[in-house]
Structure formats: structure tokens, C-alpha cells
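Since the structure comes first, as C-alpha cells, the remarks are kept for the end.
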Amino acid sequence: MVIRIVNHSKNPLPAYETAGSAGMDIRASLDEPMVLKPLERALIPTGLYIELPVGFEAQIRPRSGLAINRGITVLNTPGTIDADYRGEIKIILINLSSDNFVVNSGERIAQMIISSHERAEWDEVDDLIETQRGAGGFGHTGTF
């Protein structure tokens, strides 16, 4: 699949870091470093604009290394970029650690996954087909 992209940053295009990667790393595009204080969130620009085909979305997800090592994650995970959106991709980062975190331009801050999706139509009915699980949810099968 080929996706049209405009890059107004000084960074390379999003890229898969390994042959088996599902997500492409996406980088911050900043004029100067930004400090995220503990429990602070910020909208980080990337300088990227994409044109997805209808039936596809781009999902923005945290990078596992930043999450476990630094306590930095994407707040609305996964964030969705719709096919008809043409604005700049921006990442909502939050610092869940007890230390300040400096975001530098060019730093890999999130990953982007391109995914197809279906559009649903509703069939309003009076009842649903019963299953063994039924209405059981949130831990109903136990913790082990």
C-alpha cells in the first residue's frame, strides 16, 4: 500500500524499525525541546500530513520502551486518524512518571499503525441471541 504524505518536519518519514514491526515510529517536530512535568500532558507536533484511502485509519499508539523506561505514554490510546483528515498529525503525550521528561525534536515518541476497518449498519431488534457467556464481563471468568 502506498500512502501520500507531506513532511514539513526535518525528520525522516515514519518507518518500520524491523522487518516484523507492525507500527512505524513517528517523531516529534519541535523548534526547541519541550519539558513534560510529572502528570503533565502536551500536544506534540510531528510536521506530518497524510492522505489515507477510504476504509483505512492510522492508529497512534505508545512506544513500549518510553512507557516502561520513562513513564511516557499516549493519552488517547489508540488515537485514530480518519481517512478524511488532512491536518497535521499531533501526538498527545502524558508523563506518568515522577520525573521531568524532555521531548527533543526528532525523538521517536509514538508508533503509527495503518489498519483497514469496516463500516457497520445497525439492525435494531428486541433481543439478542443467547451465548454461554451472556452478560458476564469485567473479570467474570476469574483472575487466573
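The values are calculated or read from the model by the stated rules, or taken from the named source; none is laboratory data. All values derive from a computational prediction rather than experimental measurement. Note: ideal-geometry Cβ built from the backbone for every residue, glycine included; neighbour counts use all protein chains shown.
Residues in the range 2-40 that are in a loop (DSSP other than H, G, I, E, B), out of contact with any Gly (no Cβ under 8 Å at 6 or more places or on another chain) and among the hydrophobic types (A, V, I, L, M, F, W, C): V2, I3, L13, A19, A22, L30, L39. Would the range 49-70 turn up any residue that is assigned to a loop (DSSP other than H, G, I, E, B), out of contact with any Pro (no Cβ under 6 Å at 6 or more places or on another chain), at pLDDT 95 or above and among the aliphatic types (A, V, I, L, M)? Within the range 49-70 (the criterion being assigned to a loop (DSSP other than H, G, I, E, B), out of contact with any Pro (no Cβ under 6 Å at 6 or more places or on another chain), at pLDDT 95 or above and among the aliphatic types (A, V, I, L, M)), the answer is yes, since at least one residue qualifies. Condition test on T73, is it free of Cβ contacts under 8 Å to residues at least 40 places away in the same chain, in a strand (DSSP E or B) and closer than 15 Å to L43 by Cβ? It is true that T73 is free of Cβ contacts under 8 Å to residues at least 40 places away in the same chain, in a strand (DSSP E or B) and closer than 15 Å to L43 by Cβ. Each residue in the range 18-47 was checked for being within 14 Å of the chain's Cα centre (by Cα) and farther than 15 Å from I92 by Cβ, and 5 pass. Residues of the range 121-144 that are small (G, A, S) and at pLDDT 95 or above: none at all.
Evaluate the following for D25: is it closer than 18 Å to N104 by Cα, at pLDDT 95 or above, acidic (D, E) and crowded, with 17+ Cβ neighbours inside 10 Å? Taking the combined requirement at face value, the residue satisfies it.
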